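Okay, so here's the structure we're looking at.
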Amino acid sequence: MRIACPFCGERDLSEFTCLGDAGGPRPAPEGEGAVARFLEAVYLRDNPAGVHRELWYHASGCGSWLRVTRDTRTHEVLAVRFAREARGT
Amino acid sequence: MRYSLWTLLREACSGHRGWKPAWRDASPKSAYEVIVIGGGGHGLATAYYLAKVYGVREVAVLEKGGIGLGNAGRNTTIIRSNYLLPGNNPFYEFSMRLWEGLERDLNYNAMVSQRGVLNLFHSDAQRDAYVRRGNAMRLHGVDAELLDREAVRRMLPFLEFETARFPIQGGLLQCRGGTARHDAVVWGYARAASGLGVDIVQNCEVTDLVREGGRIVGVNTSRGEIRARKVAVAVAGHSSRVAAMAGLRLPIETHVLQAFVSEAVKPLIPCVVTFGAGHFYVSQSDKGGLVFGGDLDGYNSYAQRGNLPMVEEVCASGMALMPMIGRLRLLRSWGGMMDMSMDGSPIIDRAPLEGLYLNAGWCYGGFKATPASGYCFAHLLAREESHEVARAFRLDRFATGHLLDEKGQGPHPNLH
């Protein structure tokens with residue numbers, strides 16, 4: 001598997017570390033149902049067999065956090081963006 | 001047919017023409033008391049103990065392909081009960097005791113071999129952790145023995161003792177641990193369950209769950225609708241996908257773990273050895289191949305195959321532990337899909353939907369748990385309460401904070 005880092009270009013898998021599911025934004029800690037929202041955000045996963053959005057860190061490269069869209073059945077990388085720019089999309 | 005020395009002699013003298021198929025390849029009926037989704041070790045063991053111990057005979061095991069072709073046929077066959085936490089240890093020890101009597105119970109040779117499991121340590125901190133784990137094991141009635149460097153050297157003189165970057169300081173040995181023949185475990189449970197009237201239905205993929213009035217009352221399959229009072233899910237690797245049919249999200253991610261076998265060599269490694277300075281575990285099969293594995297590839301995967309950087313890392317760890325294997329050729333490598341739970345421990349519990357039961361999240365420790373997992377899941381299905389050794393494996397522990405995190409990694413499944 002190779003990942004095309006937007007800063008460094010296409011690089012080998014061994015340069016990257018995977019954090020996991022990109023999920024949604026951190027839930028609001030105040031108000032009704034905050035515990036349930038945090039349970040959802042911290043522990044529960046869609047875990048799809050197919051297209052999956054996840055966070056990767058280019059540890060042996062530029063040090064960027066990336067949001068990688070990847071197919072979990074074929075390991076095909078469909079899109080790579082800087083995580084900061086991809087936030088909320 | 002009951003297997004014995006007598007039947008073997010009789011068949012040997014009559015040209016082996018009298019052997020019958022070990023189990024019945026059934027067609028599905030329209031309704032059952034319990035449907036078990038998943039014809040792996042756990043599903044078949046569940047059906048067997050339901051019929052044998054709890055008297056529930058109207059049971060079907062539905063398998064989308066052939067039995068035992070998922071993770072039951074993809075593991076490194078290690079059995080052990082060297083766990084630290086009080087929620088885990090009695091469960092795995094129960095499993096070990098079932099392993100010890102399994103072959104007599106099933107009348108089937110599962111090649112259970114208690115050759116010992118040795119976990120090596122390479123630093124003072126690791127030694128402290130293993131002393132603690134050994135003490136926890138002994139307090140729960142499990143055998144554990146701490147070996148110093150010289151004792152390890154006497155036992156395994158071929159390990160790297162001279163120039164290692166992280167020298168071996170000793171190891172924690174569980175003599176009762178060892179290996180079992182993974183396929184034989186599947187076949188043995190299938191044969192015993194089938195003999196008690198369980199229907200084993202192959203090539204029957206569950207495509208949806210049937211809901212009526214807020215409860216699960218059956219499944220839709222590639223071979224038609226099948227109804228049941230209770231639907232039990234034992235499909236580790238795919239648990240999230242079956243749960244999604246019920247609209248549930250689980251605290252599980254699916255990851256790929258690779259395993260390897262080398263060409264066969266003469267008897268070399270007498271026990272199961274794990275390397276503490278990397279992640280590598282190895283044993284030798286009775287056929288002579290070295291069976292070994294390491295870490296997860298580290299990212300979600302349903303591919304049943306892994307990537308090359310991990311092949312290199314596992315082999316490098318093996319070389320660091322025992323340099324003599326450097327000239328050995330790899331025969332095969334393969335990948336299995338793991339239900340990696342958020343705390344590294346399994347789930348045996350009712351789902352939040354009436355009529356649906358979960359056996360999931362086995363991470364990469366599912367094989368050794370096969371007998372106890374089946375037993376405890378059968379107990380839950382028959383009695384509607386957790387078996388006493390599986391009470392900690394609740395689905396709601398992630399909400400209540402009663403996690404079973406042996407490694408202390410937090411909710412990062414790729415690190416467990």
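The values are calculated or read from the model by the stated rules, or taken from the named source; none is laboratory data. Note that the structure is predicted; figures quoted are calculated from it, not measured. Note that we place each Cβ from the backbone using ideal geometry, even for glycine, and neighbour counts take in every protein chain shown. These accessible areas exclude ligands, DNA and RNA; they are computed on the full protein's heavy atoms, side chains included. Shrake-Rupley method; radii C 1.70, N 1.55, O 1.52, S 1.80 Å.
Backbone phi angles across segment B:127-142, fed through the Karplus curve with coefficients 6.51, -1.76 and 1.60 (θ = phi - 60°), yield HN-Hα couplings of 4, 4, 5, 6, 4, 5, 5, x, 5, 4, 4, 5, 5, 9, x, 9 Hz in residue order; Gly and Pro are listed as x.
Considering every Cα-Cα pair within segment B:119-260, what fraction, in whole percent, is farther apart than 19 Å? When all Cα pairs of segment B:119-260 are counted, 72 percent exceed 19 Å. Remark: segment B:72-86, residue by residue, has Karplus-estimated 3J(HN,Hα) of 4, x, 10, 9, 9, 6, 8, 10, 6, 9, 8, 9, 8, 7, x Hz, where x stands for each Gly or Pro and the curve is 6.51 cos²θ - 1.76 cosθ + 1.60 at θ = phi - 60°.
Using Cβ point charges alone (K and R +1, D and E -1), the dipole size of chain B about the Cα centre works out to roughly 960 debye. Calculated on the alpha-carbon coordinates, the convex hull of segment B:272-416 measures out at 143 cubic angstrom per residue. Ranking B:Pro251, B:Val261, B:Thr221 by Cα position along the charge dipole of segment B:220-279, where only Lys, Arg, Asp and Glu carry charges on their C-beta atoms, puts B:Thr221 farthest toward the positive end.
So what is the diffusion coefficient of segment B:1-155 in µm² per second by Stokes-Einstein at 20 °C and 1.002 mPa s, using a Kirkwood Rh over Cα pairs? After rounding, the answer is 111 µm²/s. For chain A, the relative contact order comes to 30 percent (Cα pairs under 8 Å, sequence separation of at least 6). Residue by residue along B:240-251, Cβ atoms of other protein chains within 10 Å of the local Cβ number 3 on average.
Hey, what does the equivalent ellipsoid look like for chain B, semi-axes from the Cα gyration tensor as sqrt of 5 times each eigenvalue, largest first, whole Å?
Here the semi-axes work out to 35, 26, 20 Å.
Since only A:Trp56, A:Ala28, A:Phe82 are under comparison, the one whose Cα sits farthest along the positive direction of the charge dipole of chain A, derived from C-beta charges on Lys, Arg, Asp and Glu, is A:Phe82.
In order along segment B:388-398, the Karplus-derived 3J(HN,Hα) couplings, from 6.51 cos²θ - 1.76 cosθ + 1.60 at θ = phi - 60°, round to 4, 8, 10, 5, 7, 7, 7, 6, 7, 5, 6 Hz, and Gly and Pro are given as x.
Calculated over the protein assembly as shown, the projected area of the Cα convex hull averaged across directions stands at 26.2 nm². Computed from the Kirkwood radius of its Cα pairs, the Stokes-Einstein diffusion coefficient for segment B:191-260 at 20 °C and 1.002 mPa s stands at 152 µm²/s. Largest first and in whole Å, the equivalent-ellipsoid semi-axes of segment B:231-336 read 32, 15, 12, each the square root of five times a Cα gyration tensor eigenvalue.
The relative contact order of chain B, computed from alpha carbon pairs under 8 Å that lie at least 6 residues apart in sequence, is 22 percent. Residues of segment A:30-69 buried by at least 40 Å² of accessible area upon assembly of all protein chains, compared with the chain on its own (1.4 Å probe): A:Leu39, A:Tyr43, A:Leu44, A:Arg45, A:Asp46, A:Asn47, A:Ala49. Compute the semi-axes of the equivalent ellipsoid of segment B:1-50, taking the square root of 5 times each eigenvalue of the Cα gyration tensor, and list them largest first in whole Å. Semi-axes, largest first: 32, 13, 9 Å. For segment B:60-157, with all protein chains in place and a probe radius of 1.4 Å, 49% of the accessible heavy-atom surface sits on carbon or sulfur. Using every pair of separate Cα atoms, the Kirkwood estimate puts the hydrodynamic radius of segment B:275-318 at 11.6 angstrom. Put a plus charge on the Cβ of each Lys and Arg, a minus charge on the Cβ of each Asp and Glu, and nothing anywhere else: the dipole of chain A about its Cα centre is then about 140 debye.
Dipole size in debye (nearest 20) for the protein assembly as shown around its Cα centre, Lys and Arg Cβ +1, Asp and Glu Cβ -1?
About 1000 debye.
Burial here means at least 40 square angstrom less accessible surface with every protein chain in place than with the chain by itself, probed at 1.4 Å; in segment B:285-333 the buried residues are B:Tyr299, B:Asn300, B:Tyr302, B:Arg305, B:Asn307, B:Pro309.
Just so you know, the Cα atoms of segment B:187-232 work out to an Rg and Dmax of 12.6, 38 Å. Gain on full extension, evaluated as 0.36 nm per residue between B:Arg115 and B:Ser14 minus their Cα-Cα distance, stands at 32.8 nm. Diffusion coefficient (Stokes-Einstein, Kirkwood radius over C-alpha pairs, 4 °C, 1.567 mPa s) for chain A: 92 µm²/s, rounded to a whole number.
With Cα atoms defining each centre, segment B:359-382 and segment B:208-286 are spaced 10 Å apart in the structure.
Residues B:Val131, A:Val35, B:Val314 ordered from highest to lowest accessible area at a 1.4 Å probe: A:Val35, B:Val131, B:Val314. Here the extension length gained between B:Lys29 and B:Val131 equals 31.4 nm, from 0.36 nm per residue of separation less the Cα-Cα distance.
Rounded, prolate or oblate: which fits segment B:32-99, taking a ≥ b ≥ c as square roots of the Cα gyration tensor eigenvalues, rounded meaning a/c under 1.5, else prolate when a/b beats b/c? Verdict is oblate for segment B:32-99. Once neighbouring chains are kept in place and the probe is 1.4 Å, which whole percent of the accessible area of segment B:265-416 is contributed by carbon and sulfur? Roughly 51 percent of what the probe reaches on segment B:265-416 is carbon or sulfur.
Solvent-accessible area lost on pairing B with A (1.4 Å probe, both sides summed) amounts to about 2200 Å². Summarising the amide proton neighbourhood of B:Gly294: residues at separation of 5 or more, or on other chains, whose placed amide H is nearer than 5 Å comprise B:Gln258.
Just list whichever of B:Lys29/B:Lys52; B:Lys29/B:Lys368; B:Lys368/B:Lys407 have alpha carbons separated by over 23 Å in the model shown. Result: B:Lys29/B:Lys368 exceed 23 Å.
Accessible surface computed residue by residue for chain B, with neighbouring protein chains in place and a 1.4 Å probe, gives 41 Å² per residue.
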